[in-house]
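Structure first, commentary second.
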Amino acid sequence: NAMVKSTGDKVVSMTAVTIGHAPLALLAMPFVPIPAPESWPMLAVSVVVHTLYQLSLIQAYRLGDFTQVYPIARGSGPAIVTVVSLFSLGVVLPTSQILAIGLIVTGIFCLSLVRQADGLRNPKAVGAALLTGCCIAAYSLLDGLGARAAGTAFGYIAWMTAINALTFAIIIG
């Protein structure tokens, strides 16, 4: 994230990060099982969501400051996963954990109110950061379910990483 934000060309830096993961994934593939066919639909959707994440992160960093975008994007993802898990997946959490998540959400909300150097709020950066957080939540849930369906977490992530790098390279290229 810091590399993507700090460089002048965010597309080039995101492409370097994304494609930079591919050699490790390709090296792992001969040593890990191929994901079970039942996981392939989730793997395909995950690649789409990871690509959307990468594109939305580029946009968020074009629009906003690292100190605002990063915490909103990274903090909202787990908060969204928690809400989905509680209300859709039947997860039960102790009150202390729910209160802690509530504090995180409150902090994220406060960051959305931060003003720029010109004294103005930056709702476009906040929106792009929240879209990024939604992507983080989506791929976290998808990859958890996909890895279980694949029967191999390492195989699933290796394939997803390699296909994502190829997909991102094609879109950017």
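The values are calculated or read from the model by the stated rules, or taken from the named source; none is laboratory data. Please read all numbers here as calculations on a predicted model, not as lab measurements. Because the Cβ atoms are built from the backbone with ideal geometry, glycine has one as well, and the counts that use them run over all protein chains shown. Ligands, DNA and RNA are stripped out before the accessible areas are found, and what is left, the full protein with its side chains, is counted by its heavy atoms. Shrake-Rupley method; radii C 1.70, N 1.55, O 1.52, S 1.80 Å.
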Taking into account only those residues within region 85-106 that are open to solvent by less than 50 Å² (accessible area, probe 1.4 Å) and under 19 Å from the mean Cα position of the chain (by Cα), which is nearest to Leu141 (Cα to Cα)? Ser85
Before we move on, is Thr18 within 22 Å of Ser112 (Cα to Cα), open to solvent by less than 70 Å² (accessible area, probe 1.4 Å) and in a helix (DSSP H, G or I)? no
Tyr139 meets each of (1) open to solvent by 30 Å² or more (accessible area, probe 1.4 Å); (2) among the hydroxyl-bearing types (Ser, Thr, Tyr); (3) free of Cβ contacts under 8 Å to residues at least 24 places away in the same chain with one exception, condition (3)
Counting only residues that are within 25 Å of Ile172 (Cα to Cα) and assigned to a helix (DSSP H, G or I), how many does region 29-76 have? 30
Please determine whether any residue of region 107-127 is in contact (Cβ under 8 Å) with a residue 60 or more places away in the chain and within 15 Å of the chain's Cα centre (by Cα). no
